[in-house]
1. May I ask you to list the residues in the stretch 68-87 that are in contact (Cβ under 8 Å) with a residue 24 or more places away in the chain and under 27 Å from L30 (Cβ atoms)?
2. Suppose we keep only residues that are closer than 23 Å to Q66 by Cβ, among the charged types (D, E, K, R) and modelled with pLDDT under 80 within the stretch 9-54. Which one would you say is surrounded by the most Cβ atoms within 10 Å (Cβ to Cβ)?
3. Among residues belonging to the stretch 55-64 that are more than 19 Å from D75 (Cβ to Cβ) and among the hydrophobic types (A, V, I, L, M, F, W, C), point out the one that is modelled with the lowest pLDDT.
4. Every residue in the stretch 33-58 that is out of contact with any helix residue (DSSP H, G or I) (no Cβ under 6 Å at 6 or more places or on another chain) and not in a loop (DSSP other than H, G, I, E, B), please.
Amino acid sequence: MKLKSKYFDSIRVAPRREREERERAQRSRLPECQWKGCQEKASHKAPKGRGRDGEYFHFCLDHVRQYNSSYNYFDGMSDGEVEGFIKDSATGHRPTWKVGANGSAPGIDQAAYADRIGPKTRIRDPHGVLSRQGRAEAGAKPRRQLRPLEKKAFTTLNLRHEAEKDEIKSRFKELVKLHHPDANGGDRRSEEKLREIIQAYNYLKQVGLV
């Protein structure tokens, strides 16, 4: 901006006297310092202490400094309580649990869990999407977790991983008849395939899936 700009004409700096009067008016509206025997205006706030969150003393500058220099939030707490407070402060003193844990998991605070997922929860589901999903999941069987050799055995028997015992037994009998050497004129390839089928079935039986 140029020094000769017309905008300089509209800039007004309050005179020192006017600023001082405004500051005095603001100070006159302040409460008196709560330090015993002090009659200064209280321009600063200081917390009253643990268990009185949101409550403050009103002090002048000198006394708020004196108060803060001796203030100890943990006064009256044991070392264990202080350590627990510091640990909980990492999560804002809200209840937490491991990922994947539900309310019935060992070590979970049942009341805190119910409060977290109950009416006070911040999750809104106006269209019922989550509730429908929950009902669908409640009716569905948990997905079977298979180890690599178990997956290979199901593949050898040409079965889906969710196959139940009766289906496994039925498929095994069917494949034995199909690949038995007597039914294939003593074909060596059929004999090798039959060996794989028997090994796969025995393995599933060994791990308790049959």
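1. Y71, Y73
2. Residues of the stretch 9-54 closer than 23 Å to Q66 by Cβ: 27, 30-54.
Retained after the next criterion (residues that are among the charged types (D, E, K, R)): 27, 32, 36, 40-41, 45, 48, 50, 52-53.
Then drop every residue that is not modelled with pLDDT under 80, which leaves 27, 50, 52-53.
Details: R27: 11, R50: 13, R52: 9, D53: 8.
The residue in question is R50.
3. L61
4. Within the stretch 33-58, K45, P47, Y56, F57, H58 qualify.
Listed here are the residues, each with its yes/no results for (1) modelled with pLDDT of 90 or more; (2) over 39 Å from the mean Cα position of the chain (by Cα); (3) not in a helix (DSSP H, G or I).
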residue: R122; (1), (2), (3): no, no, yes
residue: H127; (1), (2), (3): no, no, yes
residue: Q133; (1), (2), (3): no, no, no
residue: A138; (1), (2), (3): no, no, no
residue: K141; (1), (2), (3): no, no, yes
residue: K152; (1), (2), (3): yes, no, no
residue: F172; (1), (2), (3): yes, yes, no
residue: R189; (1), (2), (3): no, yes, no
residue: E196; (1), (2), (3): yes, yes, no
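The values are calculated or read from the model by the stated rules, or taken from the named source; none is laboratory data. On a predicted model such as this, the values are computed, not experimentally measured, just so you know. All Cβ positions, glycine included, derive from the backbone under ideal geometry; neighbour counts span all protein chains shown.
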